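All remarks here apply to the structure that follows.
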Amino acid sequence: MEQKKLLEVKNLKKHFKVGRNKIVKAVDDVSFDIYEGETFGLVGESGSGKSTTGRTIIRLYDATDGQVLFNGENVHGKKSKQELLKFNRNMQMIFQDPSSSLNPRMTVLDIIAEGLDTHHLVKDKAERKARVEELLEVVGLNKSHANRFPHEFSGGQRQRIGIARALAVEPSFIIADEPISALDVSIQAQVVNLLKKLQKDRGLTYLFIAHDLSMVKYISDRIGIMYLGHLVEVADSDEIFNNPLHPYTKSLLSAIPLPDPEYERTRKRISYDPTVHDTSEEPKLREIGPRHWVRCTSKELEQYKIELDK
Ligand code: ADP
Ligand code: MG
């Protein structure tokens, strides 16, 4: 089946100027596609450029270079007010720390209704309240929570409020930037399950950002691995777990604890040595198999092919 590309990220760069003459290449020539209805997991250690990628896609930052296409339309560049509103409605973001992304002085009602107001989606106060109450129930909260303030909720509940706020404008694409990293392990699965259910019910497409592979395993159809501003490997989720090729991907995999205590005792962690690479040419993302890309030189590609055939 031919899948439709909802989002196309092409050679995206986001460089920050820090101080007088230092440049941080937070995102440096990153390309990937996200198909309609799927979850694309973006994984990498802290500082690898995941949030910057997400924030640039959604226009919180201007791109230094490259393109982002959403439904074939350019996201960046000059836009009319109406076009901007349309993009804002279609793409929403959920943040890692719900406490700092929810205004503490606003009621849950006003927080969730913000998008409804901006996009004039309700005709009066009664409809506004009814919509918010419905959204609260959709995310597993209670109608009566509408009049409360963010500090009255637990971390998991606050993340549900963040999800309700994003859903209010009926987006087709949601960027979830480490939405479960700040939550207790016992709560993480609940929030992931909620996101999965919402995806199924509403046909949503997700970019799901996480700093470790175990968090994206159960939600992602495909996974992209980021290291220092570059995507180093992209493949279907199973392929990443069964046939990892880039040494950085292997090191991330080796960091996942195993459920079996016997194996766990013998688990060997592999640390990534960025100097192991062939330097005869500039590495780039190359296709090694169906839907599987690795950042490497042509020489390394040949080695990876042999490894894959074994
Ligand atoms: P991640 O989300 O993977 O932890 P980030 O995208 O937050 O990574 O950051 C990538 C790199 O860009 C880091 O080195 C970070 O310090 C730098 N960075 C992020 N935002 C800014 C900014 N606004 N100004 C300057 N440097 C930034
Ligand atoms: Mg981040």
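Given the options Thr56, Thr279, Thr249, state which has the largest fluctuation in a GNM of the chain using a 10 Å cut-off (strictly under) for Cα springs. Highest fluctuation of the listed residues: Thr279.
With both partners inside the range 162-310, how many of the DSSP beta bridges are antiparallel, as a percent to the nearest 5?
Roughly 70 percent of the DSSP beta bridges within the range 162-310 come out antiparallel.
Sparsely packed loop sites in the range 7-93 (the GluC sites (Glu not before Pro) outside DSSP H, G, I, E and B with at most 14 other Cβ atoms within 10 Å) do not occur.
With the simple spin-label model, which puts each label point 7 Å out from Cα in the Cβ direction, the Ser80 to Ser214 separation comes to 5.1 nm. Projecting the Cα atoms of Leu194, Ile34, Gly162 onto the charge dipole of the chain (Cβ charges, centred on the Cα centre) puts Gly162 farthest toward the positive pole. For His277 and Leu60, a Förster radius of 30 Å and the Cβ-Cβ distance give a FRET efficiency of 0.40, rounded to the nearest 0.05. The label point for Leu69 and the one for Asp221, both projected 7 Å from the Cα toward the Cβ, are 1.8 nm apart.
For a test of the definition: using alpha carbon positions, the gyration tensor, and the 1.5 limit on a/c, classify the chain as rounded, prolate or oblate. Mind showing how you got there, number by number?
On the way: a/c = 2.03, a/b = 1.53, b/c = 1.33.
It is prolate, given that a/c is not under 1.5 and a/b is the larger ratio.
For Lys10 and Lys196 in one chain, what is 0.36 nm times their gap in residues minus the Cα-Cα distance, to one decimal in nm?
Numbers: separation 186, 0.36 × 186 = 66.96 nm, distance 2.71 nm.
Length gained between Lys10 and Lys196: 64.2 nm.
Of the GluC sites (Glu not before Pro) found in the range 267-310, those that fall in a DSSP loop while having at most 14 other beta-carbon atoms within 10 Å are Glu281. Putting +1 on Lys and Arg Cβ atoms and -1 on Asp and Glu Cβ atoms, find which of Ile111, Leu6, Leu253 reaches farthest to the positive end of the dipole of the range 5-276. Comparing the listed Cα positions along the dipole, Ile111 ranks first. With a cut-off of 14 Å between beta carbons, the residues surrounding Lys81 carry a summed charge of +4, where Lys and Arg count +1 and Asp and Glu -1.
Note on Tyr263, Tyr218, Tyr304: ascending count of other Cβ atoms within 10 Å places them as Tyr263, Tyr218, Tyr304, the fewest first. Across the range 64-75, rounded Karplus estimates of 3J(HN,Hα) from the backbone phi angles (6.51 cos²θ - 1.76 cosθ + 1.60, θ = phi - 60°) give 6, 6, x, 9, 10, 10, 10, 6, x, 9, 5, 7 Hz, Gly and Pro being marked x. Taking θ as phi - 60° and the Karplus parameters 6.51, -1.76 and 1.60, the scalar couplings of the range 287-302 work out to 7, 10, x, x, 6, 10, 10, 9, 7, 6, 8, 5, 5, 5, 4, 4 Hz in sequence order, x denoting glycine and proline. Counting only DSSP beta bridges whose two residues both lie in the range 71-230, roughly 10 percent are antiparallel. Full extension of the chain segment joining Lys123 with Ala255 gains 42.4 nm, where the gain is 0.36 nm per residue of separation less the Cα-Cα distance. Gln199 sits among other residues whose Cβ lies under 12 Å from its own Cβ, and their net charge, with Lys and Arg +1 and Asp and Glu -1, is 0. With a simple spin-label model that places each label point 7 Å from the Cα along the Cα-to-Cβ direction, the separation between Glu264 and Arg105 comes to 4.7 nm. For the chain, the Cβ-based charge dipole about the Cα centre amounts to some 1020 debye (Lys, Arg positive; Asp, Glu negative; other atoms uncharged). For the range 150-162, putting each phi into the Karplus relation 6.51 cos²θ - 1.76 cosθ + 1.60 with θ = phi - 60° gives couplings of x, 5, 7, 10, 7, x, x, 5, 5, 5, 5, 5, x Hz, in residue order, rounded to whole numbers and with x for Gly and Pro. Between the range 1-75 and the range 220-279, how many Å separate their Cα centres? Centre-to-centre distance over Cα atoms comes out at 21 Å. The DSSP beta bridges internal to the range 5-276 are antiparallel in roughly 55% of cases. In this structure the amide hydrogen of Gly41, modeled in the peptide plane, comes within under 5 Å of the amide hydrogens of Phe208, Asp221, Arg222, Ile223, Gly224, none closer than 5 places in sequence on its chain.
Computed from the coordinates by the stated procedures, all read-outs in this text should not be read as laboratory data. Bear in mind that the values here come from a model prediction, so they are computed numbers and not experimental data. Backbone-built Cβ (ideal geometry, glycine too); neighbour counts: all protein chains shown.
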